[in-house]
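Here's the structure, in structure tokens; my notes come after.
Each value in this text was obtained by applying a stated rule to the coordinates, not by laboratory testing. Just so we're clear, the structure is a prediction, and the values are computed from it rather than from any experiment. Cβ atoms come from the backbone with ideal geometry, glycine included; neighbour counts cover every protein chain shown.
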Amino acid sequence: MRVGVYTVKAGGRWKLCLSLCPELDRLWWSGCFLGGQTHMPAERMVMLSESLPLGWAVKLWEHVGSHSAMEKWTARSWHACMKAVLNPELREEEIAGGMLIGDWFKEVAEVPGFTDLQDGEGRAGRMHLTGENAGTPVYLDNLSRAADLLVSMLSGRSLLQNEVEALLEEQAADAVQQWMAAAQLAYLQGRLTLGAAVASGLGSRTEGWAGARLGVVRTALRLPQLLRRGAARRRADMRCLRCGSAPTGRTPCAACGLACCAYCEACLALGRSRACALLIRSAASPAVRAAAAGASPTVAARRWGLSAAQAGAAGAALGFLAARGKRAAGRGPERFLLWAVTGAGKTEITFPLLDAVLSAGGRALVATPRRDVVLELAPRLARAFPAAAQAVLYGGSPGRWIPGQLTIATTHQLLRFYQAFDLVIIDELDAFPYHNDPMLAFAAGQACKRDGVFILLSATPPRKLQRQASFGRLPHARVPVRFHGHPLPVPKHLAMNPVHLCIRRGSLPGGLLQALRRSLARGAQIFLFAARIAHIEPVLVLLRQVFPEVCIEGTSSQDPFRSAKVVAFREREIRILVTTTILERGVTVPRSDVYILDADSGLFDEASLVQMAGRAGRSKEDPAGTVMFLSPQWTRSQRKAIAQIRNMNTIARRQGYLKGEGHQ
Amino acid sequence: MTPLSGWLAGIRSLLAPAGIHCLICGHNSRPSARLPGICAGCEAGIPWISRPRCHKCGRHVGCPDCSRSGQSAPIVCNRSAVAYTPVMRDLLGRYKYRGHERLAPLLGQMLDSAYLQLKAYIEHLQYPPQVPTEKQNKYHFLRRKTANLTIEWQADLLVPVPVSDSRLTERGFNQAERLADILSRLRGIPQLPLLIRTQHTAKQSFKSRAERIADMKDAFAVSPDEQVNIQFSSRLSTVKASGRPLQIIIIDDIYTTGSTIRACAGAVRLLCAGYGIEADIYSLTWARS
């Protein structure tokens, strides 16, 4: 889109502003809207352009500061200033076949009616500026009420223009008719920020001497960048402010009229973010202080029915929450890792934390990678916190714009928030798609308030986090034991030919069959993990030959009946389920044994081996399941997985969490 | 992963054939030879309409519409590149609604195959293949050359279906115009935005057949742009000299009931009548539902 750009002199300083509705800006700076807010009426106002591509307007806003000489600047000086700032863009535009450099910025003009302000002419005298009924008190009153409503609905949001329109349509019906004018008013009041969705990532102007020094240091450190010039350098600096990726697309755009308007290809699925797309964000508000009262671990443990191990971890996390206020704010949200073994009851541990933040009036977010987890979690949290307004967000969810005190969302939905939450809990941070996706990590960072807190949940944190935790650089708490207080089943290794060889020979090795027979005899459900989807079908055939009386099924990511089969497996209609890593997480089947074929495969890393092993022995009735790694080779991943499981059991034993071994 | 295996993987990737990030399936795989930006597997899955069942509207399945409306349609015939299957619908949706403009060259290239089909069909109508006589065979080499020269058919003008101004600013581009642009570059046929949309109709995809047809009446008008009119009349003068009707192709992304195309063709026909010239109007769309 295109916006107006002007500068005003107010309180002795020059200030450059964007305008969605220049009429309103003239009113504002002439001193209307004095009720309630106090702001300086402008002494002078120079309209730089009635309609400039938004991206360029934002760049001007970022780069043009106040200067004492501006008092004497003529239209030509302003023209030269804009040209100097936008030189790379102008040149790129000319090369791409757009307007010539000389044809831009022809309409710089002083807005009349401001210079005579010092004469003490009254407010009524300035009203003639608009010449319409736009200046009537009723209009102004309505507009400021609309702005209030808009600000409250957009709090913590980061939305594109069409998303704002969708939100208003759903949430406010017709209450906000001229939302552009209302947004402009809120912007002038400093309650909303207007920007381009793809811009040079500065976000705000670096101010004062400290900013300048930082700039110098940054330039010095990135010396090679000096060699890159013009467009190449600018392109490198551009960022999609919503997802943090570098914009890769550049096309002619009918909305701003430029021949090369950049857009971001990484987050297209949530609406296109481009250099001329309006991104509206609410101004950040400070995080709430979590109430220290009522947050004592023992009280929390009793209230939420936590085990000793769970309560210990929850206590550590609560302590972290409460201590946050003492630390220096401004270095971004702080992280806390909750490293809980599979089946430890991670969700319950977060309840006291959510409670602390919600009861202090803050907003909390639980983000999980998958949609079905969101759907499973929502009713549980609704039961635990009936008083908190809940918003459930995933791709295609109904009620996308409902404001919630407690938000449960898939990680992609975080792109629509900006410094909204006091507490962000990220579940299974090592799982797809959150893991290794810088876009989602960026989105999560943006969604949390600067002085908010991140709680990372995982049974198998990535190596980097594990290292940070063990060196003491990352505050963390471990839950080394399952909620039922029994140790994790330690995997055993059984040497076996690779599966493809068994398939070719048409027989499975006796060791495996014997173990399976034992499991079946004790009435266990059997997970049989294969490394490749292609192996599932032949293994099924071989197994059915050996166990004709047992119901055996296979499933994979390509199976449309997957959820039905998992249900049947849980109901014990299916006794053996042959599957891939698709079922490594989030499936709880009572009384189950786990067999991992080709455990030396490169597709199984330490984390997925631990997760698969974690499917066994989850219920209180059958806490000791069998876990078996079957492979010709004994690999590093298998060794490390077993070491991790043993380590957790050792810690649990040392801390006295294991049942039957006594509490000290 | 040990450092050594990392190195080995790096070296192996140097020796591996170049893969591309396929625009349809998103996997890294062997690129297609014909179409830009997609893998060979996805290319094989494209539901080309290579033999339309209905010669009038280019539909791949039986078509009651063309036999139902007895009146003479304003277009000679329509040709479409692909059938509008769910995969293709998703592809078009990603381009048109989500704005994945990297898909434009791919879609344009696909539209080109529909153009070739249209061309073959018209040449077949105008110059039905003759049974080669012995004499022709004798001078085969020369005959073929002269014969080819007379048979070559080419359109004179591409006219994209316009979108309304508000949709244009919302979307940032007109998909039909982008497709026409690519075809124009590939085939050397000029394209002109002759038409504008006078009414902002709601999205076609939410409407029934009858609603669409009623809506489309008077939805298009001739562009008031001076520059366009000058270019059009200069184009006319070159064709007038040859004495044959003007060959115009209307370009759009999808043909569903054909009401949009017919309305556009009506507007173009009026314009040509105003200039006192006869015109054969065809249409090309990327997909046919």
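Some notes on this structure:
- Once the Kirkwood radius over Cα pairs is known for the protein assembly as shown, the Stokes-Einstein relation at 25 °C and 0.890 mPa s delivers a diffusion coefficient of 74 µm²/s.
- Straight-line reach from B:Lys240: taking Cα to Cα under 16 Å and skipping same-chain neighbours fewer than 8 places apart, the aspartates and glutamates in range are B:Asp156, B:Glu278, B:Asp280.
- Just so you know, the averaged projected area of the alpha carbon convex hull for region B:1-45 sits at 3.7 nm².
- Cα-based values for region A:613-660, radius of gyration first and Dmax second, are 12.8, 37 Å.
- Take chain A and mark each of the GluC sites (Glu not before Pro) that is in a DSSP loop with at most 15 other Cβ atoms within 10 Å; the longest unmarked stretch, sites excluded, is A:208-548.
- Dipole of the protein assembly as shown, positive end: most advanced residue of B:Leu168, A:Gly396, A:Leu54 [Cβ charges, Cα centre]: A:Gly396
- Fewest-first sequence of A:Tyr6, B:Tyr127, A:Tyr139 by Cβ atoms within 10 Å of each Cβ: B:Tyr127, A:Tyr139, A:Tyr6
- Cα gyration tensor shape for chain B, rounded if a/c is under 1.5, else prolate or oblate: oblate
- Only helices enter the 222 nm calculation for chain B: every DSSP H run of n ≥ 4 contributes -39,500 (n - 2.57), and dividing by all residues gives -14500 deg cm²/dmol, rounded to 500.
- Annotation: amide H-H contacts under 5 Å for A:Thr626 (H modelled 1.01 Å from N, sequence separation of 5 or more, or interchain): A:Val594.
- Which of A:Cys243, A:Met496, A:Ile582, positive extreme of dipole for chain A (C-beta unit charges): A:Met496
- Remark: chain B carries a charge dipole of roughly 780 debye about the Cα centre, counting +1 on each Lys and Arg Cβ and -1 on each Asp and Glu Cβ.
- Convex hull of region A:508-605 built on C-alpha atoms - directionally averaged projected area, nm²: 6.1 nm²
- Selection from A:Ser66, A:Val341, A:Ala311 lying farthest towards where the dipole of the protein assembly as shown points positive, charges on Cβ: A:Val341
- The P(r) of region A:392-448 has a tail past 12 Å containing 66 percent of all C-alpha pairs.
- Unsatisfied cross-links (Cα-Cα over 32 Å) in the set A:Lys449/A:Lys640; A:Lys449/A:Lys620; A:Lys83/A:Lys449; A:Lys492/A:Lys565; A:Lys565/B:Lys96: A:Lys449/A:Lys640; A:Lys449/A:Lys620; A:Lys83/A:Lys449; A:Lys565/B:Lys96
- Taking amide H positions as modeled 1.01 Å from N, with prolines and chain starts lacking one, the residues under 5 Å from B:Cys39 and 5 or more places away or on another chain are B:Leu23, B:Ile24, B:Cys25, B:Ser32.
- In terms of surrounding Cβ atoms within a 10 Å radius of their Cβ, A:Leu100, A:Leu268 rank from fewest to most as A:Leu100, A:Leu268.
- Relative to the Cα centre, the charge distribution of chain A, modelled as +1 at Lys and Arg Cβ and -1 at Asp and Glu Cβ, gives a dipole magnitude of about 2800 debye.
- Each DSSP beta bridge with both residues in the protein assembly as shown is either parallel or antiparallel, and the antiparallel ones are about 35%.
- Packing-based exposure ordering (other Cβ within 10 Å, fewest first) of B:Val161, A:Val499, A:Val566: A:Val566, A:Val499, B:Val161
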